1. Among the helices (runs of 4 or more DSSP H) confined wholly to region 1-113, which include 3 or more residues that are over 21 Å from Glu190 (Cβ atoms) and either out of contact with any helix residue (DSSP H, G or I) (no Cβ under 8 Å at 6 or more places or on another chain) or within 12 Å of the ligand (Cβ to nearest atom) (or both)?
2. Restricting the first residue to region 25-38 and requiring it to be over 24 Å from Lys15 (Cβ atoms), which pairs with a second residue that is near the ligand (Cβ under 8 Å from one of its atoms) meet a Cβ separation below 8 Å and a spacing of at least six or different chains?
3. List the pairs whose first member sits in region 120-135 and is farther than 11 Å from Ala96 by Cα, whose second member is of a type in the set (Asp, Glu), and whose Cβ atoms are under 6 Å apart, counting only residues at least 6 apart or on separate chains?
4. So which residues in region 178-226 are in a strand (DSSP E or B) and either touching a Cys at 6+ places or on another chain (Cβ under 8 Å) or at negative phi (or both), if there are any at all?
5. May I ask you to say which residue of Leu162, Leu213, Leu232, Leu252 is modelled with pLDDT of 95 or more and touching a strand residue (DSSP E or B) at 6+ places or on another chain (Cβ under 8 Å)?
6. Which of the residues that make up region 185-199 are surrounded by fewer than 21 Cβ atoms within 10 Å (Cβ to Cβ) and under 20 Å from Met147 (Cβ atoms)?
7. Quick one: which of Pro148, Pro202 is in contact (Cβ under 8 Å) with a residue 40 or more places away in the chain, away from the ligand (no atom under 16 Å from the Cβ) and crowded, with 16+ Cβ neighbours inside 10 Å?
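The values are calculated or read from the model by the stated rules, or taken from the named source; none is laboratory data. Here the structure is a predicted model, which means the values were calculated and not measured. Every residue, glycine among them, receives a Cβ derived from its backbone with ideal geometry; neighbour counts consider all protein chains shown.
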Amino acid sequence: MSKILIFGAGYLGTKFHDAAPGSVLSRADIADIQQVNASIEEYQPDVIVNFAGKTGKPNVDWCESNKPATMRSNVVGALTLASACVERGLHLVHIASGCIFYGASPDPAGWREEDFANPSAFYSRTKYAADLVLSQLPDVAIVRLRMPIDSAPGDRNLITKLAKYPKIIDVENSVTVVDDLMNVIHGIIEKRGVGVFHAVNPGVMRHRDLMALYTELVDPAHSNEWITEQDLVNQGLATKARSNNIMQSSRLAQLGIQMRPIDIALRDCMEKYAAATKAASEPE
Ligand SMILES: NC(=O)c1ccc[n+]([C@@H]2O[C@H](COP(=O)([O-])OP(=O)(O)OC[C@H]3O[C@@H](n4cnc5c(N)ncnc54)[C@H](OP(=O)(O)O)[C@@H]3O)[C@@H](O)[C@H]2O)c1
């Protein structure tokens, strides 16, 4: 079994750590080469998974007004960690984002792994800046996910986020079910995959589909207003327009790694989410 060293003790990094017995979660600053080297020397891993980055709190609009800190983690940090891996011939799995693609894709079926992106928001620009360099290095896998959907309720989960919004944009997107993402990362480690991978569940998810499932399985009393993408900015609900897009994923299949079709994964996820919500509301 590979010795896995994880950087980025946030939402997804902690989840992956919990799902990878024997892995170690480093607290090092990835933009500080001394801290990175010390972590690697201490644990002597076979593979590094990088979940560290500035994602913006409460949301990515934070990155627009904190550009130096965002650049330091998402660009300098990613490159610093990659340099340490290249020096040692270590496999690096870098967690990236599908939010670098805006709108219609060159291929009508969706954005491909090899397409050049068109990021607008500063967060997306920094994620893509790292991708452009890391995708050219040996032994680096770039795993792009989109809008994680999780069976555990929480502030970073798209289900929990949308359920709290009185107004939701009526769009369709490629999305990533977190249970499937965990399997994808394990598969890439096992097969020592390199290059860019789109870790999105096959099919398209409309926010309307997600909320219909939420109403069916979690809260029959739920209701919200539907607005357009432009309304989101016009009504002051976001500073920058969000990336909405459809992504193709062909490279995972080449490695023999499958993600479940979105309708199946989404229902399974929502059933678990409903069970977790019910358990949390019941007296002990
Ligand atoms: N969640 C999503 O919607 C989503 C979607 C697509 C892609 N991704 C990518 O997935 C990765 C993980 O995201 P997440 O949702 O787990 O975000 P998260 O909860 O914000 O976790 C990121 C973690 O990295 C830490 N970090 C920031 N700069 C660092 C540095 N220089 N050195 C070490 N740690 C640092 C953050 O600490 P602080 O909070 O103290 O800064 C945070 O604990 C990110 O690269 C993100 O871009 C996430």
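1. 33-43, 61-65, 67-71, 78-88
2. What qualifies is Ala38/Ala28.
3. Pairs that qualify, where the first residue is farther than 11 Å from Ala96 by Cα and the partner is of a type in the set (Asp, Glu), are Phe122/Glu64.
4. Listed by number, the residues that qualify are Val196, Phe197, His198, Met205, Arg206, Glu225, Trp226.
5. Result of the check over Leu162, Leu213, Leu232, Leu252: Leu252.
6. Val196
7. Result: Pro202 is the single residue among Pro148, Pro202 that is in contact (Cβ under 8 Å) with a residue 40 or more places away in the chain, away from the ligand (no atom under 16 Å from the Cβ) and crowded, with 16+ Cβ neighbours inside 10 Å.
Yes or no, residue by residue, for (1) of a type in the set (A, V, I, L, M, F, W, C); (2) crowded, with 17+ Cβ neighbours inside 10 Å; (3) over 16 Å from His198 (Cβ atoms):
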{"residue": "Ser65", "(1), (2), (3)": "no, no, yes"}
{"residue": "Ala69", "(1), (2), (3)": "yes, no, yes"}
{"residue": "Leu90", "(1), (2), (3)": "yes, yes, yes"}
{"residue": "Ala104", "(1), (2), (3)": "yes, no, yes"}
{"residue": "Phe116", "(1), (2), (3)": "yes, no, no"}
{"residue": "Arg125", "(1), (2), (3)": "no, yes, yes"}
{"residue": "Arg156", "(1), (2), (3)": "no, no, yes"}
{"residue": "Lys167", "(1), (2), (3)": "no, no, yes"}
{"residue": "Asn173", "(1), (2), (3)": "no, yes, no"}
